[in-house]
Structures are given as C-alpha cells and as structure tokens.
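Only one structure is covered here, and it is reproduced in the block below.
The values are calculated or read from the model by the stated rules, or taken from the named source; none is laboratory data. Predicted model only: the values in this text are computed from it and were never measured. Counting neighbours? That spans all protein chains shown, and the Cβs are built from the backbone with ideal geometry, glycine included. The accessibility values were calculated without ligands, DNA or RNA, using every heavy atom of the protein model including side chains. Shrake-Rupley method; radii C 1.70, N 1.55, O 1.52, S 1.80 Å.
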Amino acid sequence: MDGSIANEPSFRESVDLMFNHAVALMDLPPGLEDKIRVCNSTYVVRFGVKLRGSIHTFTGYRSVHSEHMEPVKGGIRYSMGVNQDEVEALAALMTYKCALVETPFGGSKGGLCIDPREYDEDELERITRRFAYELAKRDLIDPAQNVPAPDMGTGEREMAWIADQYARMNTTDINAKACVTGKPPHAGGIQGRVEATGRGVQYALQEFFRHADDVKAANLSGTLDGKRIIVQGLGNVGYHAAKFLSEEDGAKITGIIERDGALFDEDGLDVAAVHDWIAKHGGVKGFSASGYVENGASVLENDCDILIPAALEGVINLSNADRVKAPLIIEAANGPVTAGADDILRKKGTVIIPDMYANAGGVTVSYFEWVKNLSHIRFGRMQRRQEESRHMLIINELERLDEHLGDAWSMTGNFKEKYLRGADELELVRSGLDDTMRAAYQAMRHVWHTRDDVSDLRTAAYIVAIERVAASYKAKGL
Ligand code: GLU
C-alpha cells in the first residue's frame, strides 16, 4: 500500500462523504440528515463451533442502517475482510439502493469473518446454522423484520441452510420461507435470482445506451455492440454481466481481472471458457500464454470503453484513479470507487454509473422472491394458461385470414409458437427487473440533467434515494 492510500477514508467514511456531498444540495429539515446518515445498530456476535476436535470461535455482524421501512434487507458476506466499518457501509448502501429501485425495505447487511475455502461443506453448514441461530433468536433474521440474502462468499446453499434453521426455530410461522432470499428454486427460491445482479448490470447499460446524451457525456457513441469491456472479478456478478453483455449485446470482453492476475485480449475473451478455467484451476493463470498479466490491478488502467469493477470495495482509489482511462465505469460491486477517487474521476469527466443503482438487480429479484414466499404461489401460475387461450383466439382469427388470403399473406416463421406461449416465472422476473432498472435510471438521470448543481449520476442517485427515505420518515411523523 503506498502513502496516498493511507490518506484514504474508510469505506464507511467514504459512503458518508458521498452522502454529505448530496445532502449539501438538498433542503432537509434540521436533524433529519443525521438521522438518515447514521447506522441504527450493529450487532456483533462471537460464537464457537466444534470442528476437527477443537472449538473454533467466529465473529459475525448484522448491521441495521435504517428501519424507515421494514423488513430491512441486505446480504450476508463470508470473507476475512469483514469488519464493523464494512458492514455498516454496506448496510447504508442497502438503504439507498432499496429506496432508489423502490423495493419496500430498509437497509441492513451482515458478515462473517471467515475464509469459506478453508472449510468443507459439512463444516460450513454447521457454522452457518449456528450463525443463523444467533441472528434469528434476536429477530435479525425474520420475514417481517430482517431478511438476509447472498453476498460475497455465500450463495443459494447457505441461504437454504439459513431458511431451514429459521423454520426449525419457528415451526408455526407460515411465512418462514420469506425469512431469507436467494434460496434455491426447490427450497422456496425464484427463477433468475442467481443471475439477477449481473442481469441488472446488463439492463442498466442497455438503458444508459438508450440515451444518446448520456452516451455522449461519456465520450462514447453508438450502442453496446462492439464496445470493449474490462471486468474485474469473475464471481457471480462479474461472470453473469460479462456473459450477457458479450453473448446478447455484442460487447467484447477484452480484459478479465482476477485474484491471481489478469487476461487481456483486444479481440475479446471467451467468458464461459475463462469461467470454466477458473473453476478448475482456481485462477486465470495458464488460460492463454499470450494475454496473461501478472499484476492484475494494472489492467484497470488499460484502454477500454467500459470498466466493470465487480469484486471488492476500494479498488479504484487515490493511488490509481488518475490513470484509469475508461470513460464509463459501472460499479457492479459495492463501493469499488473511493470518495477521493470519485472526485478525481468526476473532474476528469469519467461517467460513473453508481453501485446503489448498478448492482440493485440482486435485491430487486430478492423482493420478487419475498413477495412470492408471502403469497405462497409461483408467479404466472394463475394466468399463464388463460393468457394462452386468449392468444389462441387471435391465432384462430389470423389462421382464418391466412386461409382466406391464400399466398397473399401468411404468418411469419415461428410467430404462432412464440405468441401463444404464456410467460413463465423467469420471463416475468426478467420483465420486472428490466422495468425496475429502467425506471430507476430515468429517476436518476432526471436529476442529473435538470439540476445545474448536480454533475454526476452518483450525486443524482443519492438525491433520489435520500428524498424517498426522508419522505418516508416524514410520513411517520419524524
Ligand atoms: N447482497 C446483495 C446486495 O448487496 C443482495 C441483497 C439482497 O438481495 O437483499 O445488494
């Protein structure tokens, strides 16, 4: 770490600085600014689990940033980097994220200080169940009060254990499944949750490129087709974003940065092949001799059109911000750009699509899952066949026309088959997510373009989110 990084504020301070920058442009009632900024509570638990013949002590956190809406929502992270400052920063971001994408939740976040790669599945299950027990007995896991989800180092498997642990402790709670989201589909989950955050990044970029003015502000032109993208972190979020953008939007993934180095290829990398390689070998090294760069972080500074940091917080900081060339950065991770780096990049004219919007796809689909659990029915179950029979009426009429007009008119290709099919759960989830990402972007860009004192999307996002949180406090009489 060089000297300049030492001057960097902590992650939580960084989030607070960005918050302060936005509230300075707002007119909030006295005292409300502080009430919104502070983290309401952070529970720290230390618990022991007997493993391999001895007792191992673990430290876990669940931080609740704002309860202006309940339940509060946010993932549980498993990483050695977890600490109070980090969970509080992440909980605050959840408050603003939920407000921005209009999911009816307050903000929370949890973490366990653990390297999950050091434990086998059986051990992880015991540790997770014990952590879940500690949180659930204090209502820090509860369908009406606090609903965790996956985050870095956790996934469907951990969420299924948490749901089961809660159900064992609350045998008469008919809504028990709604105590956590991100569960596997066979255990009360929803289709499309695993891909949701990456899918949201794709929808966010698609929406950005629908606005020529915004594209121009980033010194770019045209569409996503052919754009050169560097992705940092090929975990769940980075992988899905890179896969969808390259397979469906014609973008070229020219760089992939991982823990052990980076791959760089101007002609574009095969995302699925790199993903398979990492799964087998634990890193990118050896994937292709030519494009390997040992100092992975240096690739953040390579020429490209779009940079997608999708791993840790603080990777773009005072030490490298002025060398980052990408004209457009989309923050798929939480907090990848520090407040100091944000200032530097803003002054340089870099357009940043901020984390609280860019990675909100996860919590959006979590919201759909929670609603599904509370309503105890899969989306589309009631209307799918009814939709199909109404479509059939139109098809029958068109077929009559077809017969009548002979060769002069006919239905194109597989129109009949495509039109007839009613939407299944996955299609409905994607449609709801796309709609959410479009609406939230438009709310942000409205502030960005209509206020002279707002020159970036992050400040605009904070203003939209804080206004909504403030309105909710006001409605409560606070
Ligand atoms: N951990 C994800 C996030 O940071 C998802 C949270 C959720 O679904 O509640 O947004």
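With the charge dipole of the chain set up from +1 on Lys and Arg Cβ and -1 on Asp and Glu Cβ about the Cα centre, the Cα lying farthest toward the positive end among the listed residues Ser298, Ile162, Leu17 is that of Ile162. Estimated from the Cβ-Cβ distance and a Förster radius of 41 angstrom, the FRET efficiency linking Asp85 and Ala423 is about 0.40.
Between Ala89, Gly48, Val64, the Cα set farthest toward the positive side of the dipole of region 1-138 (charges on each charged residue's Cβ, about the Cα centre) is that of Gly48.
Evaluated at q = 0.15, 0.18, 0.20, 0.21 Å⁻¹, the base-10 log of the normalised Debye intensity for region 324-436, with identical point scatterers placed on the Cα atoms, takes the values -0.80, -0.94, -1.04, -1.09. Shape class of region 265-370 from the Cα gyration tensor (axes a ≥ b ≥ c, square roots of the eigenvalues): oblate, since a/c reaches 1.5 or more and a/b does not exceed b/c. Expressed as a whole percent, the accessible area of region 226-340 that falls on carbon and sulfur atoms is 48 (1.4 Å probe). Between Arg323 and Arg378, the FRET efficiency from the beta-carbon distance, with R0 = 41 Å, is close to 0.25. Between Val371 and Glu118, the contour length at 0.36 nm per residue exceeds the alpha carbon distance by 87.6 nm. Mean sequence separation of contacting Cα pairs (under 8 Å, at least six apart), scaled by the length of region 108-184, corresponds to a relative contact order of 32 percent.
At a Förster distance of 56 Å, what's the computed FRET efficiency of Val293 paired with Leu51, Cβ-Cβ distance as r, to 0.05? Could you put the intermediate results ahead of the total?
Values: r = 38 Å, r/R0 = 0.68.
Efficiency for this residue pair is about 0.90.
Across region 408-424, computed HN-Hα scalar couplings (Karplus, 6.51 cos²θ - 1.76 cosθ + 1.60, θ = phi - 60°) run 5, 8, 8, 5, 6, x, 9, 3, 4, 4, 5, 6, 5, 5, x, 6, 8 Hz from first to last residue, x flagging Gly and Pro.
Between Ala167 and Asp303, what length comes free when the chain is fully extended (0.36 nm per residue of separation minus the Cα-Cα distance, one decimal in nm)? Show your work: numbers first, answer last.
Numbers: separation 136, 0.36 × 136 = 48.96 nm, distance 5.08 nm.
Roughly 43.9 nm would be gained on extension.
State, as an integer percentage, the relative contact order of region 111-253 based on alpha-carbon contacts under 8 Å between residues 6 or more apart. It comes to 17 percent, rounded to a whole number.
Under a model in which nothing but the beta-carbon of Lys, Arg (+1) and Asp, Glu (-1) is charged, region 331-478 shows a dipole of about 580 debye around its Cα centre.
Taking amide hydrogens as placed 1.01 Å from N in the peptide plane, the amide H of Val231 sits under 5 Å from those of Gly255, Ile256, Ile257, Ile308, each at least 5 positions away in sequence or on another chain. Here the label points at His449 and Asn219, each 7 Å from Cα along the C-beta direction, are separated by 2.2 nm in the simple model.
For the pair Glu387 and His404, the difference between a 0.36 nm per residue extended length and the Cα-Cα distance amounts to 3.5 nm. Taking the protein heavy atoms of region 424-478 in the context of the full set of protein chains, the accessible area attributed to carbon and sulfur is 48 percent at 1.4 Å. Calculated accessible area for region 145-235 comes out at 37 Å² per residue, all protein chains present (probe 1.4 Å; ligands, DNA, RNA ignored).
So for the chain, averaging the separation of alpha carbon pairs under 8 Å that are six or more residues apart and normalising by length, what relative contact order in percent results? Dividing the mean separation by the residue count of the chain yields 16 percent.
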